[in-house]
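Peer 1: Got a structure for you, questions after.
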Amino acid sequence: MKALSNRRITAISAHIPRIYQPVPLSIGAGISLTVATSHHLAHVLRCSVGDSLILFNGEGGEYESEIASIKKQAVAIQIKSFRTVNKESSVKIHLGQSLSRGEKMDFAIQKAVELGITEITPLLTDFCAIKCSKEQGEKKCVHWQKIIVSACEQCGRDRLPILHPITPLDEWIQHQSAELKFVLHPTAEHHLKISTPPPSSIALLIGAEGGLSDNEVELAKKYHFLSIQLGPRILRTETATLSAITLLQFLYGDLR
């Protein structure tokens with residue numbers, strides 16, 4: 001039992017934190033992290049001077065770095081080297097996610113990022129349970145952006161998906177120009193199938209807890225969205241998002 005415990009401690013200590021910093025990064029440079037990030041490293045992860053970190057700024061690649069000093073509210077980092085990393089999918093997926101309450105929306109965004117989507121637009125639809133002012137919408141987008149950053153730090157992506165402002169469904173539908181466009185609907189006649197050649201871009205529309213209205217589905221079809229279902233069972237909105245993106249990445253992207 002003791003040996004197992006020691007192996008677990010070794011595995012945990014071998015994990016190197018990945019930190020997103022939206023600033024210019026270069027080999028040999030020293031930077032000071034934000035108060036929030038410094039607190040997380042020093043007091044949550046219990047990092048020490050000399051510990052290794054990975055920094056990325058969303059411009060591609062990542063920087064192997066080392067903690068140079070830890071002060072009360074600031075951790076200083078020294079950048080050691082750069083390495084090219086590409087964990088982006090070969091297919092670009094723009095997710096149109098109808099607004100849902102609280103953790104459901106957070107979960108959908110988090111998992112969509114982990115699965116490799118490139119753009120997310122939160123949508124106002126007929127049956128979405130959330131109505132918010134412009135100011136409230138902006139606050140939600142700030143919150144969702146933090147989820148996107150955290151998901152990229154966790155899953156190893158070095159580029160952040162684009163988060164668009166909350167948008168009315170009809171406006172979003174009319175501006176989609178992806179090679180393939182899908183709208184999920186539980187009674188649709190079609191299922192996802194392999195397309196040859198594989199598309200380079202996909203638009204995916206997901207309804208909220210109450211689904212999409214008939215008028216919304218018809219509008220999507222008018223703009224060349226194919227109505228599809230994922231099986232005989234009705235899925236929760238966050239489950240539908242996770243399932244659909246997984247299938248799309250398996251059929252056309254980099255999930256194997």
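Peer 1: Can you tell me which residues in the stretch 25-63 are touching a strand residue (DSSP E or B) at 6+ places or on another chain (Cβ under 9 Å) and among the acidic types (Asp, Glu)?
Peer 2: If the condition is that a residue be touching a strand residue (DSSP E or B) at 6+ places or on another chain (Cβ under 9 Å) and among the acidic types (Asp, Glu), then ASP51, GLU62 are the ones that fit.
Peer 1: Here is a follow-up. I need the strands (runs of 3 or more DSSP E) fully contained in the stretch 36-135, keeping only those with at least 3 residues that are among the acidic types (Asp, Glu).
Peer 2: Ranges flagged: 62-70.
Peer 1: Working only within the stretch 200-256, note down all residues that are of a type in the set (Phe, Trp, Tyr) and in contact with a Pro (Cβ under 6 Å, 6 or more places away or on another chain).
Peer 2: Once the filter is applied, which keeps residues that are of a type in the set (Phe, Trp, Tyr) and in contact with a Pro (Cβ under 6 Å, 6 or more places away or on another chain), the stretch 200-256 yields only TYR252.
Peer 1: Give all pairs with beta carbons closer than 9 Å in which a residue from the stretch 183-206 that is farther than 20 Å from ALA112 by Cα meets a residue that is modelled with pLDDT of 95 or more and among the acidic types (Asp, Glu); count only pairs at least 6 apart in sequence or on separate chains.
Peer 2: Once the first residue is farther than 20 Å from ALA112 by Cα and sits in the stretch 183-206, its partners that are modelled with pLDDT of 95 or more and among the acidic types (Asp, Glu) give SER195/GLU179.
Peer 1: Considering each residue of the stretch 187-206, count those that are surrounded by fewer than 16 Cβ atoms within 10 Å (Cβ to Cβ) and of a type outside the set (Gly, Ala, Ser), and give that number.
Peer 2: Adding up the residues that qualify gives 9.
Peer 1: Name the single residue that is surrounded by the fewest Cβ atoms within 10 Å (Cβ to Cβ) among those in the stretch 207-230 being closer than 27 Å to ARG101 by Cα and without any contact (Cβ under 8 Å) to a residue 24 or more places away in the chain.
Peer 2: It comes out as ASP214.
Peer 1: With respect to PHE250, determine if the residue is of a type in the set (A, V, I, L, M, F, W, C) and touching a residue at least 24 places away in the same chain (Cβ under 8 Å).
Peer 2: When the stated conditions are applied, PHE250 does not pass them.
Peer 1: Return yes when THR167 is β-branched (Val, Ile, Thr) and either free of Cβ contacts under 8 Å to residues at least 24 places away in the same chain or not assigned by TED's automatic domain parsing to the domain that holds LYS104 (or both) and no when it is not.
Peer 2: The answer is no for THR167.
This table checks each residue for (1) farther than 23 Å from GLY253 by Cα; (2) modelled with pLDDT of 95 or more.
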{"residue": "LYS181", "(1), (2)": "no, yes"}
{"residue": "HIS185", "(1), (2)": "no, no"}
{"residue": "SER195", "(1), (2)": "no, no"}
{"residue": "PRO198", "(1), (2)": "no, no"}
{"residue": "ALA203", "(1), (2)": "no, yes"}
{"residue": "GLY211", "(1), (2)": "yes, no"}
{"residue": "GLU218", "(1), (2)": "yes, yes"}
{"residue": "LYS222", "(1), (2)": "yes, yes"}
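The values are calculated or read from the model by the stated rules, or taken from the named source; none is laboratory data. All figures in this text were calculated on a predicted structure; none of them were measured in a lab. Don't worry about glycine lacking a Cβ; one is built from the backbone with ideal geometry, like all the others, and counts go over all protein chains shown.
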